[in-house]
Amino acid sequence: MNSPDQTTQAPRAATSRTSLRRVLVAASMLVPIAGATVLIGAALAQTSQPAPAQPAAAQRGSAAVASASSTATPGGAIAVLMERANFWRNQTQYDQALESLSRALALDPKNADALALTGQIQADRGNRAAAESALAKLRQSAPGDPRIEKIDQSIKVGPIPAEALADARRLAREGRVAEAVDRYNRVFRGNPPPDTLAVEYYQTLAGTEGGWEKARDGLANTVRANPQDVRAQLAYAQLLTYRDGARTDGINRLAVLSQNSAVSDQATQAWRQALGWLPQDKSAIEPLQAYLSVHPNDTDVTQRLELSRNPPPDPNDPAAPQRVAAFELLNKGKLADAASGFQAAIAANPNDADATGGLGIVRLRQSKYDEARTLLSRAMSMDPANKGRWQQALNGVDAAVAGNRPNQVTALIERGDFPGAEAELQRQARAGGNAGIYAQLADMQARQGKVTAAESSYRTALQMNSRYAPALVGLAGIVGGQGKHDEAISLLRQAEQVGGDRRLVGQARALQLREQALGITDPATQANLFRSAIDSDPGNPWLRLDYARTLVKQGDLAGGRAVMAQVVAGNPGTEALKAGILFANETSDPDASTTLFARLPPNARTADLRTLEAQAELQREIGRLLDLPRSTARARLLALANVPDPDGARGAAIARALTAIGDPAAARRAIIVARDATPNQPAGARVAYAGALLDIGDATGAQVMLKPLGNGSSLTTEQRTSFSALRAGLAIKTADNLNQAGKQAEAYDRLAPALAADPDNADMNLALARLYSGARNPQEALDINEALLRRDPNNSDARRGAVAAALQAGDRGRADELVREGLEIAPDDPKSWMASADLARARGNNARALRDLAHARQLRLQQ
C-alpha cells in the first residue's frame, strides 16, 4: 500500500497500467482497483481522526485528509502534512513522519508545529544534533512555545533503553506497581514520560497509593497536548471512572469514544463496567438510559436501571457512615486510614460483614495474610448469602502465600526452568501446600505438556478450595483441550460466579470459543465466534488475526486490514507485531510486512519471521518486474522461479503474478520450473502449488498436483488444513463446471465424497443446491438454501440462491419474503440488493432491477 504522501503526489496513479498491475498482485485479485483507492483514503481518514471530544476538529482533520490530493493553499497543504506526520509518529514510523515534516518546513520554514514535532521525533530517536537544531529554530520562531521545555527534557533523557523499559513493564504486569513506577522514573531520569509512553506510565502510576491524582493530571495534560491520541483519551476516561467525583465525566467521555472505530470495543466495555459502579438511586437513571439507547438488549443494565428507579429502602445501619468512608479510603490506597474506618464500623456493629471483609482486604494489601484470611472467612460466615463478594479476595490470600513464599519459584520461571520450578513446588506441596501452591504446580506441569499430572494437581487444589478461581480456570483449559467442552464451560461459569479474575476467565473463555470456531467451516459463523472471543479477551492480537482471516475468507479484505490496523497501531507489543506481519504476508502486502518487521526488537526476529521477511522481499521484487514490458517481465519472473523452493511459496507467488498479467501458461510453467529447481522437495510444497493452480483456474492441474499426497497424512497440521480446503474447493469447482455443461449426475459424483467428509460445509451445500437447480429440481435447492439460512441468516449467497430457487419453483411470494428479510438483516450487503434485482427482473420490473443493481454496485465500491 502507498504511504499517504505517495497517494497525494500521484492521486491518479491507481489508473495507470503499472499501478494496476501492482494492485492486482498486492490484493491477489480480490479487491477492485476502485475499492483499493477508497481503502487508502478511508484508512487515512480513520487513523488521523482527531479527538472525539472535539467534533469540529475531527471534521476538519477528516476533510483535510479526504481532500489531500486537491489541497491548493500552502496552509492547507501544511495541515495535511502535519496530519500525516502525526499519524506516522504514532505508528513509530519516524522516517515517514520526518519526510512529511520536511515537506511542511519547505513550505513554511518557521512553522512552529512542524519544528516542534521534528525536534521531538529526533529526540525520541536519540539524534541529539538534529533535535537541538530543530529546537534552536523553534526558539527563534516561537520563543514562548510551551513545547520548548518538553523537547529540551527529551533531549536530556535521550532514547529510552529497551531492556529497562521491558523490565518496568514486567513489574507492572506482575502487579508490583510501586516498583514499576520507580523503574519507569529511572528510565525517564526523573522527567515526565514521553508522549509515546505516557499512557502506560500513568495507568501504572494510578495503581499506587496516592498516585491517582497525579495520573489523572498527567493524562489530562497528555490529552490536551495530543488531542488526536484516542488511546490516551480512552485511558483518561477510564481513570476518571475510578473515582466518584469524576465518574460521570469519565462515563460521558467513554460514551463518545465508543463511537470511534479505533477504540470502540474497549470504550464500550469500559463504559458498561463504569455504570456498575454508580449508586443504585435516581442519579444513575440518566447515564443508564444513555447506554441503553445504544445497547437496548443489555439485560443486566436494564435490570440495574429498574433498581435505580425503585431503589430498596436503606436499613437502619449505624455503621454505614464509617464503612462507606473506609471503602472510599481503601479505593484511594490509604490503607492505614481505611483500617481505622473499618475498625470503627466494626466497633459500632460487631456483626458488620462488609466492614469485616473490607478490613480483610486492607490486611491482604498490607501482606498480613493470616489476619486477612481470618477476617475474610469471618465475613463470609456472617453473611453466607453474599459470601461470593469476598471469595476472590480470599483466593488472593492463597495466591499471595503461594507467590510470596517462593521468590525462588518466580526466579526459576523467569529463567524458563519449568522442571526446577515444578520440583520446588512439589517440595512446598509435600510440606503442607495449599490450593494456590497446587494450582501453580499444575500450571508448571501443563507448560511442560504433562497434561495428566496437571489435571490431577488442579483437582487437588479444588478439593482444598472448591471456589479457587485460578484452579477452576486452569482445569477448564485442560479438559477443554481433551474435547470435554461441556465440563470446561461449567468450570468457567463457576470461576465467574466465585468472582474469579475476569481477565483470566475471559482468556479461558476466548480459548474455548476459538477452538469452536476453528472446528467450523462456515466463515460467517466463524466470524461471530471470533468476535465473541475478542469480547472475552480484547487484548489478544492472535484472536484478531483469526477474525481478520475470516473476513478475508468472506471477501472483505478491507475489513480484515482494518482489524489488523488496530492491532498494530500505537505502541503494540511483540506478539501484535508478529500477528500483523503474518497477516500482511498472507494478504500480499510486502510493504506493510517490512515496515512491521523493522519495528520488531532484534531478539524477537525468529527464523519463521525471517522467512516471512524473505517472502515480502520476493513480493516487492515481483512488483518491480511487473513494471517491465510483458515479455521481459515473463522472462525475468521465470528466471526468478528457477531457485530452490522448499515450501512452494516462491513458485506459487510467481505463478499468481503471471496470472495477474494475463499469462496463465507462463504461470503453470513457473510452478514446474520452481519444482524442478528443488531436489527432494517436501510434500507440503505440492499444497502451495495446487492452491496457485486452482487460483489460475486449472482445476485439473491442481488435482494432479495433490494426487500423490493421498489422504494428506504426511503433511503438517497446518498443511493438512490447507489440503482439506483445497480438496473441497476442487470438488466445488469441478461440480460447478460439470453442472454448467449439463452433466449433473457426474457433478454429483464429484461433489458427494467431499460433502460426506464435511456435511456442514456451507460452500459445498451451496454447490449441491446449484446442482438441484441445474437438474430442474428447485424445491430441493430451496430446502438446502433455507437450511443454511436457518443456521446463518447473514449468509447472502444462500439467500440469493434461495430467491433464485423460489422463482424457479414459481413461488414469488416466498421469494419476496426472502428478499425483504435480506434487506432488513443486511441492508449494506450488495448481494441483498442483487437478490432484490433478481426478483424485480422476474416480475418484469426492469427499472427497479436496474436501480437495485446500481445500488449494489455503489455498496460494492464502498466496500
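The values are calculated or read from the model by the stated rules, or taken from the named source; none is laboratory data. Remember, it's a predicted structure, so these values are computed and weren't measured experimentally. Note that we place each Cβ from the backbone using ideal geometry, even for glycine, and neighbour counts take in every protein chain shown. For accessibility, only protein heavy atoms count, side chains too; no ligands or nucleic acids. Shrake-Rupley method; radii C 1.70, N 1.55, O 1.52, S 1.80 Å.
Okay, here's what the table says:
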quantity: Total charge dipole magnitude, the range 106-250, about the Cα centre, Cβ charges on Lys, Arg, Asp, Glu only, Debye to nearest 20; calculated: 200
quantity: Net length gained if the chain between Asn845 and Ala775 were fully extended (0.36 nm per residue, minus Cα distance); calculated: 22.5 nm
quantity: Segments 606-614, 99-107 sorted - mean Cβ within 10 Å per residue, highest first; calculated: 99-107, 606-614
quantity: Dipole magnitude of the range 766-855, debye to nearest 20 (Cβ charges: Lys/Arg +1, Asp/Glu -1, about Cα centre); calculated: 320
quantity: Derived scalar couplings ³J(HN,Hα) [the range 728-743; Karplus, 6.51 cos²θ - 1.76 cosθ + 1.60; whole Hz; x for Gly, Pro]; calculated: 5, x, 5, 4, 5, 4, 5, 4, 5, 4, 5, 4, 5, 7, x, 9
quantity: Accessible carbon and sulfur surface of the range 554-606 relative to its total accessible area, %, 1.4 Å; calculated: 55
quantity: Vicinal HN-Hα couplings computed from phi for the range 247-255 (Karplus, 6.51 cos²θ - 1.76 cosθ + 1.60; Hz; Gly/Pro x); calculated: 4, 4, 4, x, 4, 4, 5, 5, 4
quantity: FRET efficiency for Ala178 and Gln280, using Cβ-Cβ distance with R0 set to 45 Å, rounded to 0.05; calculated: 0.85
quantity: Full-stretch length increase - Val256, Val643 - with 0.36 nm per residue and alpha-carbon distance subtracted; calculated: 133.8 nm
quantity: Linear extension gain, Asp300 paired with Glu617, 0.36 nm per residue minus alpha-carbon span; calculated: 109.0 nm
quantity: Thr716 paired with Glu487, simple spin-label distance in nm, labels 7 Å along Cα-to-beta-carbon; calculated: 3.2
quantity: The range 703-763-the range 608-651 distance, computed between alpha-carbon centres (Å); calculated: 29
quantity: Hz values of 3J(HN,Hα) by residue in the range 135-144 - Karplus curve (6.51, -1.76, 1.60), Gly and Pro given as x; calculated: 5, 4, 5, 5, 4, 6, 7, 9, x, x
quantity: Separation in nanometres of the label points that stand 7 Å from Cα toward Cβ, at Arg630 and Thr452; calculated: 6.5
quantity: Pairwise FRET efficiency - Ala787 versus Asn191, Cβ, R0 = 51 Å, nearest 0.05; calculated: 0.20
quantity: Sites Val704 and Leu518, calculated FRET efficiency, Cβ-Cβ separation with R0 22 Å, nearest 0.05; calculated: 0.15
quantity: Relative packing of peptides 626-636, 183-193 - highest average C-beta neighbours within 10 Å first; calculated: 183-193, 626-636
quantity: Distance from the range 195-234 to the range 137-166 (C-alpha centre basis), Å; calculated: 18
